[in-house]
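What follows is a single structure, written as structure tokens, with notes after it.
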Amino acid sequence: MAAVFLITLYEYSPLFYITVISLCFVVTAAMVLGWFGFDVPVILRSSDETESVVPVPEKRMVQVTNPFALEVESSGVASVTEGVSLLPCCLEPCVLSCYWGCGVHALQGALQTHQHGPSKLATPHLFQEALHFQYHHCQSFHISGEDREEHYTKMPADLGITDFGLLPRERYPIVAVLTLAESEARDTYNIVASVTVVHVPDDKYSLSARILFQYLLTAQGNMYELKPLFMSAESKGLSEATDPDRSTEAPPETQKREPGKEMPGMEDEEDWSEEGKGKDCVVCQNAPVNRVLLPCRHACVCDGCVHRFQHCPICRAFVLESFALFQQPHMEEVEEE
């Protein structure tokens, strides 16, 4: 009877065709979407639906004191033939060693020696030996802890060097190394040396004098590259954070500060807690900015919004880790107060 009924329905009812075709389409679409792992578009989801976002891991940071700082005075004349003025700023007596025409491979070998060798490059003599004397000229300056004067360095004219060739070059124009002069200070500070690679214009490459990159060497044999933090220029007290020479972001597991200056975002917590323009999270526009996203280094979100995104709201780069600019009180403590 059932077979007779289906045959009759098949012969006389067009609704049967529509039902069978629709059912086959729904089943096929569900299988295809499930097979390829497609999800429901975000725009069709309910606002109350809980999204499964992988939380961004927090990098453990340790605040340490950086006794070194070095700036390049770009206001004056700077060139390979005329020399350049460097402005060191140190908390302790230091030695500034300027290596003109230092070999690229020689510097990389010296840094590897510090990381993997038995002795750490904590003195000018050890650093000079690690370079294997692969440089054109070395000039040293003794700097006191209160010295804020410019130091002019120049390569001797009798060497007859006016440029360092076309790109890619085999030598850096200047490698400036700051090391602590007293052994007691080397036992006090975790950072024992600062290596700064400086570009100086010449006949072949006329880019203005500037710092290319900086490294900090620790007593434990670690090496960290200083990088800029990107923060809002409208934030009160953070106008200098957009200057790469003044704002640095600490590498993994450490956080460096320039002598006499606080890291961007490490100012007095009372100043950060004050209500002001440019301090709001770019996502919720309610809480203060307190998270630096890595590796893009944008400081743009608060503690509550950092776990809701896997991409940076500014540059859309994938976020691997983040760290806090300062520790905020727990929510329970705030509620009790």
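Under a 1.4 angstrom probe, counting protein chains only, how are His307, His137, His105 ranked by accessible area, largest first? Write down the numbers at each step before the final one.
Details: His307 90, His137 45, His105 145 Å².
Heavy-atom accessible area, descending, gives His105, His307, His137.
Return the distance in nm (one decimal) between the two label points of a simple spin-label model at Val26 and Glu146, each offset 7 Å from Cα along Cα→Cβ.
With each label point 7 Å from Cα toward Cβ, the separation is 8.7 nm.
How much accessible surface area, in Å² rounded to 10, belongs to the heavy atoms of Val192 with a 1.4 Å probe?
About 10 Å², ignoring ligands and nucleic acids.
Which percent of the Cα-Cα distances in the stretch 68-226 go past 20 Å?
47 percent
The values are calculated or read from the model by the stated rules, or taken from the named source; none is laboratory data. Keep in mind it's a predicted model, so treat the numbers as computed, not measured. Neighbour counts are summed over all protein chains in view; Cβ atoms, including those assigned to glycine, are modelled from backbone coordinates with ideal geometry. To get the accessible areas, we keep the full protein, side chains included, count just its heavy atoms, and leave off ligands, DNA and RNA. Shrake-Rupley method; radii C 1.70, N 1.55, O 1.52, S 1.80 Å.
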